[in-house]
């Protein structure tokens, strides 16, 4: 028997119970911390190299377009020869790790299931975002997704900076300096 402090008091606990729950508590702790190898070992996620995948499909679950400065999730779905589907973690709520997928973005930035369009609309005006997806463990699998852009959203523009001189004052100063130069030349 031993004493265990839980903050509000002491609890009498059998030493067998502590030794039995210790590995379970450690496994839960590692599973929550995000260590991918532990998640794979516990069956929470899978590696694509161990699955015979035949098709790949990419989609944007939140809609068809993205505005400057916005983020949008990416969901990739894989299908095996027997028809079972595997979905990426994150918004897809699946078991496939993003580490197993190579994503090449154009015009957008991509990080672990989410892509972002830069805030400045001048960089993306008249262009279309694009993402190429490949699976290194299955070299024959490729997918591409065009990301349409939209500009009909509320935004604020900030033209911060010092105010300049008005054109009329500058012109008057220029004329005054020309008159002074003529006066000095004539003397």
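Multiplying the sequence separation of residue 99 and residue 181 by 0.36 nm and subtracting their Cα-Cα distance, what value in nm do you get?
My answer for the length gained is 22.3 nm.
Give me the extension gain from residue 146 to residue 159: residue separation times 0.36 nm, minus the current Cα-Cα distance, reported in nm with one decimal.
Contour length minus the Cα-Cα distance gives 1.5 nm.
Read-outs: derived from the displayed coordinates by stated rules, not from any lab. For clarity, every value in this text was computed on a predicted model and none was experimentally measured.
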